[in-house]
Structure formats: C-alpha cells, structure tokens
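> Have a look at this one before I ask anything.
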Amino acid sequence: MPLSTAKAIEPASALFWRATLALCLGSYMVFSNVYVTQPLLPMLAADFEISALEAGWSFTVSTLTLGLSLLIYGPLSDAIGRRGLMLFSLAGTTLITFLLSQTQDYTTLLWLRGLQGFLLGGVPAIAIAYMGDEYSKKALMMAVGIYISGNTLGGISGRLIGGFVGDWLGWSEAFLAMTLVSLCCLALFALLLPPSKRFEAKPLHPVSMGKDLLEHLRNPLLLVAYLIGGFNFFIFINQYSYITFVLADAPYALPASLLGMLFLTYLTGTVGSAFSGKIAQRMPQPQVMVLGITVLMLGSLVTLLPHLIAIVCGFLLNSFGFFVAHSAASGWVSRTATHARASANSLYLVFYYLGASTGSFYLDPFWHWLGWSGVVAGSLVVLSLTLCASLWLLRQERQQQAMPQVA
C-alpha cells in the first residue's frame, strides 16, 4: 500500500489499543530501569565503601546519557525507521541490565549504567514520533496521555522493585529481577507493536540533522513548548528532593522507607496523563497545559499546610497537574512539528531532562532562605512564567484557527 494512502490508526480501534499498549510497555520498561537504583543507593554505598554522592552517580550517569542520546535517536529514526530502532534499544537495555546483575566492581557498574542510559533513550525519543506518523490526529491526542502514564508506572515500579528485592535478596538480585521484567516487556513490545505503514524515510545527513534541530528551535511555537515542559519538570521533580528533608525532620520524623513511599503520589500522574488525552479532544492543548500548571501551583500551596496529610494531598495534586501539562505539551510538539517529528520530540525531552538536572541549583537558595516556604515561593515564580507561556500558545492557536475563517 502506498504511504500516502495508508490508513491512519483511529481511536478506540483494536489496532489503536494494540499499538498503544506496546508503547506503554516500552515506556514502563525504560523508566523502571532508570529508577531502579534510587532505593539501592545506601546499599551500594555500604557494599562498595563509597560516599553517598558517589553512589548517586549510578542514577545520575544513566539520566545524563539518556538525555544526550535523545539528540541521536530522533534524527536517526527519521532516516531509518521507528520500530526497529525501538526494538534495538529495548533489547540492548535488557542485556545491560543482566550484566549489571553480574558485576562486582563499581567502576564497571557505572560504565554499564552509562551505556544503559544511552540505550534507554530509544523509546522516549521515538515513541511519540511513531504515533505522529501512524495515528490520526484524534487518536494521537488520546494515545499520548495513555503512553505517558507508562512513564509514571515505570518510575514507581522501578523504585519498588529495587527497594523490596534489594532489601530481601541484595542489589545484584534487584537487577536480575529487573532483567526478567525487561524480558517480558521486550517480548510483548515486539509482538504487539504494528509495523510502520505511514513512515516516510528522510536521508541521514548530519548537516541536515543539525539543520532540523535548529529549525525546531527557531519555531517559537515549539521552543515555548520545550521551555514549558523543561521548567515544569525543573520544579516538579526537585520539590520531591526538598520535601524529604522536611518530612525526615521534626515533627514528622518519617523513616526512609516511608519517605520512599511518597513517590506513590505519582499514581495521580498516571491518571492525569490519561485524563489529559481525553480533555484535549474538547479543548486546545495549550488550554490543557494551563489547567495542569494551575493544579500544580495549587498543589504546591497546599503543601504549606503544616500537616502530613495536607503535604501528601499537595503532592497528589502536583503529580496530577504536572502530568496533565506534560502530556499536553508532548502532544503539542508532535502535532505542531511539520517535519522531522522525532527530532522535535527529542528536543522536548532534552529540555525536560535538563530541567530535572538543574532545578535543585535554582531552588537551593530559596531553601536556605525560608526552608520549604522558600521552595514553594521559588516554585510559584517559575510556574507563573510557564503559565503565561501556555496562555501565549493558546492565543497563537486561536489566532491560527481564526485566520481561515477570516479568509
């Protein structure tokens, strides 16, 4: 069937659920592997006789290489295709996870985690571009939210698998358990994901790849969406780091096990991601971003109440609002990019992970100034800017919709 006449995947069809489930499983596998080491850090520090900072490298090195890999996978998939590259990424990840379970040297572990992070970038860089190629516009808006819910479930599961299996059997066995989980996800991904039918290859030229990235950055509609996604994550993920200090201190004095359970608030993000796709069918995506950021700001204010239940409720709201906005921004990028969609989505994720890695530097002075109240104040400053940026996108979309009517 010619590419131009290949039928797009429509919402609620059997093919829609098959493809979306496959991509969700891929996303789940990626983020389970990313976060599996977080609860293992004290164990790694004790076993290898290293500092807490050095133990943390096992997590940060993988997120760093993951972020860098996105600039390669996106343009590469525009040239050679989506499905095969995602399969390669997940198969390589599974192999590295197994090798991690066998290593007893920390330097080797770090090298493997760095390589694993690079391999993990395949699905985040390509999945939404695959949807943009194969799905109808309505199906794309639904699928993006469902797909991102796999991110949240993966992040939660990775921490729980690492924590429970690590406490029970040890950190090596935690990697082995993750290998088994990854094998299952890989097999189902390969079985369920339909071959690309609407993909149109673009010759791979490094100069052209760089030109595509620059063109995306010069497109204000895309650049503003990149900044919205990056700065929202800049605040959201780093709030978790500072609230653990609050809850570990008096009057809460929570142990580390209960502090780790705070990440279960991500579950409302799973709901928010799916919810975002549905409401995007009824209102413009920038308006969905406005809604999500507003909820995130409200949740941040709720955490100022000096009660544990209020703080947990605040983070439940934060997670819901953040992932509503994140899903809408991701979908906006894929829909707005007129060419090289994978490259456009990769740039969004680069901004996203850069935000995660730099937010603590911004919030730290606010923490030393007023403690948690300062963190919330600093958060609201940035979120006010992303809210204004979302309103600007909404205005641009309404102007574009009005132009054909005027003509």
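The values are calculated or read from the model by the stated rules, or taken from the named source; none is laboratory data. Given the structure is predicted, the values throughout are model-derived calculations rather than measurements. Glycine gets a Cβ as well: all are built from the backbone with ideal geometry, and neighbour counts include every protein chain shown.
> What do you reckon, is residue 396 out of contact with any Pro (no Cβ under 6 Å at 6 or more places or on another chain), touching a residue at least 24 places away in the same chain (Cβ under 8 Å) and not hydroxyl-bearing (Ser, Thr, Tyr)? Steps first, please.
Working: out of contact with any Pro (no Cβ under 6 Å at 6 or more places or on another chain): yes; touching a residue at least 24 places away in the same chain (Cβ under 8 Å): yes; not hydroxyl-bearing (Ser, Thr, Tyr): yes.
Criteria met by residue 396.
> While we're on this one: Can you confirm whether region 120-139 contains a residue that is within 14 Å of residue 35 (Cβ to Cβ) and either modelled with pLDDT of 95 or more or over 15 Å from the mean Cα position of the chain (by Cα) (or both)?
Taking region 120-139 and keeping what is within 14 Å of residue 35 (Cβ to Cβ), we get 120, 124.
Adding the requirement that they be either modelled with pLDDT of 95 or more or over 15 Å from the mean Cα position of the chain (by Cα) (or both) leaves none.
No, region 120-139 contains no residue that is within 14 Å of residue 35 (Cβ to Cβ) and either modelled with pLDDT of 95 or more or over 15 Å from the mean Cα position of the chain (by Cα) (or both).
> Considering only residues that are among the β-branched types (Val, Ile, Thr), surrounded by fewer than 20 Cβ atoms within 10 Å (Cβ to Cβ) and either at pLDDT 95 or above or more than 12 Å from the chain's Cα centre (by Cα) (or both), which ones fall in region 225-242? Break it down into steps so the answer makes sense when it comes.
In the first step, residues of region 225-242 are kept if they are among the β-branched types (Val, Ile, Thr); the result is 228, 235, 237.
Filter once more, keeping what is surrounded by fewer than 20 Cβ atoms within 10 Å (Cβ to Cβ): 237.
Of everything in region 225-242, nothing turns out to be among the β-branched types (Val, Ile, Thr), surrounded by fewer than 20 Cβ atoms within 10 Å (Cβ to Cβ) and either at pLDDT 95 or above or more than 12 Å from the chain's Cα centre (by Cα) (or both).
> Checking the conditions here, which among 65, 60 is more than 17 Å from residue 198 (Cα to Cα), touching a helix residue (DSSP H, G or I) at 6+ places or on another chain (Cβ under 7 Å) and in the same structural domain as residue 188 (by TED's automatic domain parsing)?
Numbers: 60 fails: touching a helix residue (DSSP H, G or I) at 6+ places or on another chain (Cβ under 7 Å).
Of the residues listed, the single one that is more than 17 Å from residue 198 (Cα to Cα), touching a helix residue (DSSP H, G or I) at 6+ places or on another chain (Cβ under 7 Å) and in the same structural domain as residue 188 (by TED's automatic domain parsing) is 65.
> Residue pairs, Cβ under 9 Å, 6 or more apart or interchain, first in region 151-166 and within 24 Å of residue 122 (Cα to Cα), second not in a helix (DSSP H, G or I). List them.
Once the first residue is within 24 Å of residue 122 (Cα to Cα) and sits in region 151-166, its partners that are not in a helix (DSSP H, G or I) give 157/36; 158/36; 158/37; 159/36; 161/36; 162/36; 162/37.
Matching residues to (1) free of Cβ contacts under 8 Å to residues at least 24 places away in the same chain; (2) more than 30 Å from residue 140 (Cα to Cα); (3) aromatic (Phe, Trp, Tyr):
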{"residue": "271", "(1), (2), (3)": "no, no, no"}
{"residue": "275", "(1), (2), (3)": "no, no, yes"}
{"residue": "287", "(1), (2), (3)": "no, no, no"}
{"residue": "290", "(1), (2), (3)": "no, no, no"}
{"residue": "296", "(1), (2), (3)": "no, no, no"}
{"residue": "304", "(1), (2), (3)": "no, yes, no"}
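> Would you mind stating whether residue 338 is surrounded by fewer than 23 Cβ atoms within 10 Å (Cβ to Cβ), assigned by TED's automatic domain parsing to the domain that holds residue 297 and part of a loop (DSSP other than H, G, I, E, B)? Outline the logic, then answer.
On the way: surrounded by fewer than 23 Cβ atoms within 10 Å (Cβ to Cβ): yes; assigned by TED's automatic domain parsing to the domain that holds residue 297: yes; part of a loop (DSSP other than H, G, I, E, B): yes.
So residue 338 passes the test.
To keep it simple, each residue is scored yes or no on (1) crowded, with 17+ Cβ neighbours inside 10 Å; (2) among the polar types (S, T, N, Q).
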site: 62; (1), (2): yes, yes
site: 66; (1), (2): yes, no
site: 79; (1), (2): no, no
site: 102; (1), (2): no, yes
site: 106; (1), (2): yes, no
site: 113; (1), (2): yes, no
site: 118; (1), (2): yes, no
site: 122; (1), (2): yes, no
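> Oh, and also: Residue 322: in the same structural domain as residue 397 (by TED's automatic domain parsing) and crowded, with 19+ Cβ neighbours inside 10 Å, yes or no?
Details: in the same structural domain as residue 397 (by TED's automatic domain parsing): yes; crowded, with 19+ Cβ neighbours inside 10 Å: yes.
Answer is yes for this residue.
> Okay, next question. Among the residues of region 167-194, which ones are assigned to a loop (DSSP other than H, G, I, E, B) and more than 21 Å from residue 124 (Cβ to Cβ)? Before you say what the answer is, go through the steps one by one.
Our first condition is that a residue be assigned to a loop (DSSP other than H, G, I, E, B); within region 167-194, this holds for 170, 193-194.
Once the filter is applied, which keeps residues that are assigned to a loop (DSSP other than H, G, I, E, B) and more than 21 Å from residue 124 (Cβ to Cβ), region 167-194 yields only 170.
> Determine whether region 165-185 contains at least one residue that is closer than 25 Å to residue 331 by Cα and assigned by TED's automatic domain parsing to the domain that holds residue 103.
Residues of region 165-185 that are closer than 25 Å to residue 331 by Cα, as a first pass: 185.
Checking which are assigned by TED's automatic domain parsing to the domain that holds residue 103 leaves us with 185.
Scanning region 165-185 turns up at least one residue that is closer than 25 Å to residue 331 by Cα and assigned by TED's automatic domain parsing to the domain that holds residue 103.
> Which one of 125, 129, 139 is touching a strand residue (DSSP E or B) at 6+ places or on another chain (Cβ under 6 Å), part of a helix (DSSP H, G or I) and either hydrophobic (A, V, I, L, M, F, W, C) or not assigned by TED's automatic domain parsing to the domain that holds residue 351 (or both)? Before the answer, list the steps.
On the way: 125 fails: touching a strand residue (DSSP E or B) at 6+ places or on another chain (Cβ under 6 Å); 129 fails: touching a strand residue (DSSP E or B) at 6+ places or on another chain (Cβ under 6 Å).
Just one listed residue meets the conditions, 139.
> When you look at residue 160, is it in contact with a Cys (Cβ under 9 Å, 6 or more places away or on another chain) and not charged (D, E, K, R), yes or no?
Numbers: in contact with a Cys (Cβ under 9 Å, 6 or more places away or on another chain): no; not charged (D, E, K, R): yes.
The answer is no for residue 160.
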